[in-house]
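I have placed the structure first, in the form of structure tokens, so that the comments after it can refer back to it.
The values are calculated or read from the model by the stated rules, or taken from the named source; none is laboratory data. Predicted, not measured: the structure shown is a model, and the values here were computed from it. Because the Cβ atoms are built from the backbone with ideal geometry, glycine has one as well, and the counts that use them run over all protein chains shown.
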Amino acid sequence: MVVCLAGGVALVQVLLSARYGYNVDELYYRLLGNRGFAWGYTDQPPLTPAVVRSSIVLFGDTVVAVRVPAALCAAAVVVLGAMITAELGGSPRARVFAALGLSTSFLVLSVGHVMVTTTLDVVAWCAVLLFVVRALVRGDDRWWVAAGAVCGIASYAKYVVLLLPVSLVVALALVGPRRMLVDRRFLAGVAVALLLGAPNLVYQVVNDFPQLRMAEALGATDGSFNRVIFLPTLLLVLGPLAAVVCVAGCVRLLRDRAVRAVGVAALVALVLTVVGGGRPDYVGGVLIGLFAAGCVALDRWSGRGRRIAPLAVAFAGTSALQVVLALPVLPERALSAVPVNNISTESVGWPELAEGVTRAYRSLPPGERHRAVVLAHNIGEAGALDRFGQDLPTVHSGHNELHSWGPPPEHADVVVAVGFTDDRLTSDFHRCDVVDHVDNGVGLDNAEQGMPITVCRGRSEPWAQSWPAYHYLSG
């Protein structure tokens with residue numbers, strides 16, 4: 001039953017993957033991957049762009065191809081969640097509860113619909129939790145080595161995965177079993193994680209720790225807001241019923257001496273995320289682990305009596321809402337009226353944006369076109385122009401990693417720019433004219449809707465001098 005539910009999740013994700021279009025991050029990863037493998041980037045490790053590139057090579061340059069790995073990851077999370085439930089003593093019915101809840105949860109469905117860093121990260125957290133539970137419950141210390149290997153590999157997807165072993169070490173020190181901290185296989189797991197992740201650390205050192213600068217930028221722009229909305233977002237990511245099950249799961253772990261450290265580690269990770277200004281999806285794997293533990297308690301509470309029927313009704317209602325919020329099941333024109341997630345709203349209008357920029361470029365006099373370049377304000381715009389732009393010159397951007405690709409050539413004194421709403425362009429050019437605005441065609445008020453398309457002429461200074469001012473970091 002669990003395998004069937006996981007397969008159903010993957011199938012539904014693939015069937016719906018072509019709806020709306022690329023997400024902003026997917027366009028960026030496609031753009032990064034097209035330049036070949038790198039050991040790291042200004043804003044992230046290398047694994048996600050590499051996976052996107054590999055999938056495109058295998059299945060073609062389509063949004064469906066980009067999302068095939070995400071669908072498989074969603075299926076893997078469902079299976080891993082059920083396996084964690086089993087390790088905690090869950091009956092076959094408890095495992096089905098876990099698989100049903102995860103396969104219809106906003107968290108799993110959303111990260112399984114788009115290929116982002118969190119997609120791989122959640123799978124890694126679930127795998128590490130499974131191995132940690134096995135090490136603690138079975139008393140088989142070999143699983144610490146497996147957990148360390150996953151942490152090391154997962155660090156190439158998202159550094160936040162390291163929050164889990166850090167939280168676990170704190171938990172073991174607080175509630176035990178403390179002997180694990182000096183166990184040779186536990187230490188071997190730490191060594192394996194460090195060895196596999198060493199190239200990541202080398203990249204950070206050689207490049208002056210770009211991830212720290214990125215984290216600082218995200219904290220400055222989003223940290224306070226994320227702390228305020230953490231709890232409401234947590235309820236959205238889980239759903240009210242699953243949130244209750246997670247609380248029950250945490251209580252279940254804290255009451256069991258064998259796995260108490262897992263419950264404490266989950267709490268430590270959540271607290272550190274709030275303090276650091278992170279989002280709930282940063283610790284999605286912890287939430288899935290708590291839900292898996294909660295399904296053991298839910299199974300025992302439901303028994304065989306009258307509680308099953310109201311539980312099924314409540315589950316069906318919350319699941320239907322989660323599916324509507326997470327997956328592209330609504331018409332694009334309905335997105336303005338229904339408060340869905342930003343994954344969907346950020347997946348609409350990219351071809352139209354590229355068409356608008358292409359029209360602006362083609363409207364240039366022939367004598368100017370060979371001196372013109374395209375300038376995108378952010379990574380999504382740059383990725384969309386690379387994917388959908390027709391016969392455009394090289395696209396440049398100062399956002400995140402794209403700034404390191406260098407400025408436009410010095411002969412370029414005409415710019416077709418999209419997304420700039422400040423005075424950056426007018427300070428660098430003698431004349432700038434807004435020639436059009438982005439229109440996604442469905443009236444959806446997303447981040448790109450209404451953004452100006454500007455043509456600028458006559459640079460006031462060389463690109464080498466002005467280009468550093470275009471650089472900015474954001475998520």
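Miscellaneous remarks
- Condition check for V66: buried (at least 22 other Cβ atoms within 10 Å of the Cβ), among the β-branched types (V, I, T), modelled with pLDDT of 95 or more and touching a Gly at 6+ places or on another chain (Cβ under 6 Å): no
- Criterion (over 19 Å from the mean Cα position of the chain (by Cα), in the same structural domain as V324 (by TED's automatic domain parsing) and at pLDDT below 95) met by exactly one of G89, G40: G89
- Region 122-134, subset in contact with a Phe, Trp or Tyr (Cβ under 8 Å, 6 or more places away or on another chain) and touching a residue at least 40 places away in the same chain (Cβ under 8 Å), residue farthest from P165 (Cα to Cα): R134
- Of the residues examined, L425 is not one that is at pLDDT 95 or above and not assigned by TED's automatic domain parsing to the domain that holds R35.
- Checklist (1) crowded, with 17+ Cβ neighbours inside 10 Å; (2) on the phi > 0 side of the Ramachandran plot applied to G450, failing item: (1)
- In the set (1) assigned to a helix (DSSP H, G or I); (2) crowded, with 17+ Cβ neighbours inside 10 Å, A320 fails one condition alone, (2).
- Qualifying positions in region 400-438 - within 26 Å of the chain's Cα centre (by Cα) and of a type in the set (D, E): E401
- Contacts under 8 angstrom Cβ, first residue in region 414-434 being in contact (Cβ under 8 Å) with a residue 24 or more places away in the chain, partner small (G, A, S) and part of a loop (DSSP other than H, G, I, E, B), 6 or more apart: S427/S460; D428/S460; F429/S460; H430/S460
- Among the conditions (1) more than 32 Å from the chain's Cα centre (by Cα); (2) surrounded by fewer than 20 Cβ atoms within 10 Å (Cβ to Cβ); (3) of a type in the set (A, V, I, L, M, F, W, C); (4) not in a loop (DSSP other than H, G, I, E, B), the only one that V455 does not satisfy is (2).
- Residue within region 145-162 that is outside any loop (DSSP other than H, G, I, E, B), touching a residue at least 12 places away in the same chain (Cβ under 8 Å) and of a type in the set (K, R) present: no
- One residue stands out in region 110-145 among those that are over 30 Å from V24 (Cβ atoms) and of a type in the set (G, A, S): the one that is modelled with the highest pLDDT, namely A135.
- Residue satisfying all of: in region 407-443; in a loop (DSSP other than H, G, I, E, B) and among the β-branched types (V, I, T); surrounded by the most Cβ atoms within 10 Å (Cβ to Cβ) among these: V438
- Any hit, region 251-266, residues being crowded, with 21+ Cβ neighbours inside 10 Å, small (G, A, S) and more than 25 Å from A74 (Cα to Cα): yes
- Flag: G277 matches the condition of being part of a loop (DSSP other than H, G, I, E, B) and over 15 Å from F106 (Cα atoms).
- From V14, V9, V2, residue being hydrophobic (A, V, I, L, M, F, W, C), over 22 Å from L218 (Cα atoms) and buried (at least 24 other Cβ atoms within 10 Å of the Cβ): V9
- Selection within region 377-406 - assigned to a helix (DSSP H, G or I) and closer than 21 Å to F37 by Cβ: I379, A382, G383, D386, R387, N400, E401, L402, H403, S404, W405
- L107 falls short of the stated requirement of being within 30 Å of R67 (Cβ to Cβ) and surrounded by fewer than 20 Cβ atoms within 10 Å (Cβ to Cβ).
- Residue count for region 53-94, restricted to those that are more than 30 Å from R138 (Cα to Cα) and assigned to a helix (DSSP H, G or I): 16
- For region 329-376, the set of residues classified as part of a helix (DSSP H, G or I), surrounded by fewer than 14 Cβ atoms within 10 Å (Cβ to Cβ) and in contact with a Leu (Cβ under 9 Å, 6 or more places away or on another chain) consists of R333 only.
- Test: residue in region 38-55 that is among the hydroxyl-bearing types (S, T, Y), within 23 Å of L212 (Cβ to Cβ) and buried (at least 23 other Cβ atoms within 10 Å of the Cβ): yes
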